[in-house]
1. Could you work out which residue, out of 28, 91, 99, moves most in a Gaussian network model of the chain, that is, has the largest mean-square fluctuation with Cα springs under 10 Å?
2. Between residue 138 and residue 8, with labels modelled 7 Å along Cα→Cβ, what's the label distance in nm to one decimal, could you check?
3. Suppose a student asked you for the relative contact order of region 3-148, using Cα pairs under 8 Å spaced at least 6 residues apart; what percent would you report?
4. Starting from the Cα-Cα distance between residue 77 and residue 123, subtract it from 0.36 nm times their residue separation and give me the gain in nm to one decimal.
5. How tilted is helix 44-65 with respect to the longest principal axis of the chain? Cα atoms for both, answer in degrees (0 to 90, nearest 10).
6. Quick check on the chain: helices-only [θ] at 222 nm, where DSSP H runs of length 4 and up contribute -39,500 (n - 2.57) each and the sum goes over total residues. Nearest 500, please.
7. Rounded to the nearest Å, what's the spacing between the alpha carbon centres of region 50-79 and region 11-40? Just the number, please.
8. Evaluate the distance, in nm, between pseudo-label points positioned 7 Å from the Cα of residue 146 and of residue 131 along their respective Cα→Cβ axes.
C-alpha cells in the first residue's frame, strides 16, 4: 500500500498540507530536544516518555514532508503517527510494532501506574528514537532535499 492509499484509508483523520521547510526544522528541533531530555532524566518511565515523544516528532516531520498531517483532535493520533512511518520512512512491520509497544507502555506509565518501564525498555526506546532521528535526516536529505535545510 502506498502512502497516498494509506492516507485515503484514513482520510477522516489526515489532512493534505503543503510541506514547509520551517515546520520540518521545528519538528527536528523538537525531536532533538526530546532526545536530550531522555538522556538527562532519572526515571525509566520519563526516559521512555521523552524517547517516544522524539519518535512522534520524527513521524510528524516525515508525514509533513510527504504532504500530510494528522488532524488535530483525531482519535488515535499517536497510533496513526507511528503507523505512518511504514509508509514514509519505510519502517518494517516489526519496527512499527516496537514503537507501538513503546506507545502502549508510555500510556500505561502516564495514566495508570508508575514504574512500569524497565531500564532495559527505556534504554531500548532511547536507542530506537536516536536511530529513527538519524534515519529521518538521511531520508530527508535523499527524498526531500529542499526541506532538509542542508
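1. Most flexible of the set in this elastic network: 91.
2. Each label point is offset 7 Å from its Cα along the Cβ direction, giving 3.1 nm.
3. Relative contact order for region 3-148 comes out at 32 percent.
4. So the chain would gain 14.1 nm between residue 77 and residue 123.
5. 0
6. -23000 deg cm²/dmol
7. The distance from the Cα centre of region 50-79 to that of region 11-40 comes to 7 Å.
8. Distance between the two pseudo-spin positions: 3.3 nm.
Values quoted throughout were computed directly from the atomic coordinates according to the rules given, and no laboratory measurement underlies them. Everything numeric in this text was worked out from a predicted model, so none of it was measured. For neighbour counting, all protein chains shown are included, and Cβ atoms are generated from backbone atoms with ideal geometry for every residue, glycine included.
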